[in-house]
Every structure is written in structure tokens, then in C-alpha cells.
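The structure appears below as C-alpha cells.
The values are calculated or read from the model by the stated rules, or taken from the named source; none is laboratory data. Values in this document were obtained by computation on a predicted structure and should not be read as measured data. Note: ideal-geometry Cβ built from the backbone for every residue, glycine included; neighbour counts use all protein chains shown. Just so you know, the surface numbers come from the protein's heavy atoms only, side chains and all, with ligands and any DNA or RNA stripped out. Shrake-Rupley method; radii C 1.70, N 1.55, O 1.52, S 1.80 Å.
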Amino acid sequence: MSDAVYYDKPVLLDRERHKRLRVRASASFAFARQANSVYLAGVEFNEAMKEYPIVFTRAANGRMVPVAMLGLQNRDNLFVDDEAQWNARYLPAFVRRYPFVLAQLGGEQLGVCIDEAYGGFNPREGEALFDENGANTPFLANAVEFLERFQREFARTEVFCQRLEQAGLLREMNAKADLVDGRSFTVSGLFVVDEPRLMALPDAVALSLFRSGELHLVAMHLASLSNMQVLVDRMARRAPPIQPAPKPA
């Protein structure tokens, strides 16, 4: 899963180019319709585990990261309905930050980007990004603070994932879902904590995970896997795509 699923036209926020830009609020989640998973920070596990399977995947930079599974097929989000509404109680922070995002500029430097394709951007209605002096408005300041807070929490979560890998606790998950209408879906390339390996950890390692609070994250991850059935049920309620009639011979 990548930001490319969300951001059709990402550009670096520029005080001159975007000085008159305003943001009109939108209740549509059409931008997330093709995202079958989203990154999660560890602080989100407590709420996310109630609705989504939390699994691990290897990001483009090679690091292991946690994601909330949203679908069983590529580019298919089972939590965005036909009216482009998000059909779940908890909305992951990765989604809430749209249409803003932090981008790596080089080294450790990060820059704020926006998706210029977002339909809520306009010069007349909504919240301004910059004031008459070119300074950040409170609206933009809050958005940037949210991005930075998510980035910090996600960095802590990556350390947690590194510890799981170093302890040899992750195994690849291969699952197959068969629907009553004959459709079948295979999920691969994802990782989960191996419970027998977890139980066999040396006492010192297990105590370290407990003291750091990371064992609790592991427990929430494992409990969330029962939500795989939620995805299967949602998929089953969706009508299969209508196949074109065969052409006469």
C-alpha cells in the first residue's frame, strides 16, 4: 500500500503558489476507495483492533510496518460504501490526515505536501491555509501538528516492529477465503506474530516486551485477527461484478 493510492497530484505546499488556497470540508471518502490497507501507529491499536485485522507488511523502504486491512483484493476498500461514506466507527489517522501528507525531502528533512486534486481546494470557500501576511493560519498549524504527531508515533511503532523481527516472532500469513457464491480470494505477503514462538521467548525478552508495553500491542494484534471474518462477510454482501454476456458464435 502506498500514498499513491490516495494522492493523485501531490505537491509541496508553497506559500506563494498556494497563498489564496482554501479548504472546503468534505464528507466524501472517495479518495480512499482503492486503498485495501492503511498504515497504523501503535497508539491506534486499541481502537483499530475492534474493527480491522491488524497485520504487518514490508514497506517500500524495506521496513516492517503494521497496517489495518480494509479489503481482500487489490485496490478495493470494503469500508467505503456506495455513497463514499466510511462505514466503520474508527477512522485511522492515516486517512484523517488527507489531503495533507509529510514527504521526505532529503536526509531527515520533511516537507508538508497537499493533494492538489482534492475537490475541496478552492480560492473562495472554507478554511484559509495562509493569512494576509503569508503566515500559517491556525487551521494549517493544526493540520501540520497532526502530521508531525502521527510521524512521531509511527516512528516509535517502527521500532516495535524491528523488535518483533529481531526476536523472530513474525511469520508470513497465507489465507484463502471462499464465498458461498463461488468467489475465492487469497491473501498473501502479510505477516502475523507466531504464537508458539511468542510463548517460547526467553524470560528476559518476554519481560522486556511486557515492561515496554509492546506485549500489549502484540495481544491487540492477535485479537484483531478475528476481524478477518468481518472482511469476508463484507465481501460476501457485495454483489459480484456483472459479467458481459458472451458474444454469439
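See the values below:
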read-out: Candidate set: segment 102-140, residues that are exposed (fewer than 14 other Cβ atoms within 10 Å of the Cβ) and touching a Ser or Thr at 6+ places or on another chain (Cβ under 7 Å); chosen: the one farthest from Leu21 (Cα to Cα); value: Gly119
read-out: Any hit, segment 45-54, residues being surrounded by 14 or more Cβ atoms within 10 Å (Cβ to Cβ), touching a Ser or Thr at 6+ places or on another chain (Cβ under 8 Å), touching a residue at least 40 places away in the same chain (Cβ under 8 Å) and in a strand (DSSP E or B); value: yes
read-out: Filter pass, Ala25 being closer than 14 Å to Asp115 by Cβ and assigned to a loop (DSSP other than H, G, I, E, B); value: no
read-out: Segment 150-182, residues that are open to solvent by 40 Å² or more (accessible area, probe 1.4 Å) and either under 26 Å from Val95 (Cβ atoms) or among the basic types (Lys, Arg) (or both); value: Gln151, Arg152, Glu153, Ala155, Arg156, Val159, Gln162, Arg163, Arg171, Lys176
read-out: Filtered residue count, segment 60-86, keeping only those that are assigned to a loop (DSSP other than H, G, I, E, B) and either closer than 21 Å to Glu172 by Cα or out of contact with any strand residue (DSSP E or B) (no Cβ under 7 Å at 6 or more places or on another chain) (or both); value: 18
read-out: Considering residues of segment 185-218 that are touching a strand residue (DSSP E or B) at 6+ places or on another chain (Cβ under 6 Å) and open to solvent by 60 Å² or more (accessible area, probe 1.4 Å) only, the residue nearest to Asn46 (Cα to Cα); value: Ser188
read-out: Some residue of segment 132-139 being assigned to a helix (DSSP H, G or I) and farther than 24 Å from Ala32 by Cα; value: yes
read-out: First in segment 196-209 and on the phi < 0 side of the Ramachandran plot and of a type outside the set (Gly, Ala, Ser), second anywhere and outside any helix (DSSP H, G or I) and surrounded by 11 or more Cβ atoms within 10 Å (Cβ to Cβ), Cβ under 7 Å, 6 or more apart; value: Arg197/Gly168; Arg197/Leu169; Leu198/Leu169; Leu201/Ala167; Val205/Ala167
read-out: Some residue of segment 228-237 being out of contact with any helix residue (DSSP H, G or I) (no Cβ under 9 Å at 6 or more places or on another chain), exposed (fewer than 12 other Cβ atoms within 10 Å of the Cβ) and either in a loop (DSSP other than H, G, I, E, B) or among the basic types (Lys, Arg) (or both); value: yes
read-out: Some residue of segment 43-62 being at pLDDT below 95 and hydrophobic (A, V, I, L, M, F, W, C); value: yes
read-out: Tally, over segment 77-101, of residues that are over 15 Å from Ser28 (Cα atoms) and open to solvent by 30 Å² or more (accessible area, probe 1.4 Å); value: 2
read-out: Residue identified as under 27 Å from Asn174 (Cα atoms) and either assigned to a loop (DSSP other than H, G, I, E, B) or among the charged types (D, E, K, R) (or both) among Tyr7, Tyr98, Tyr90; value: Tyr90
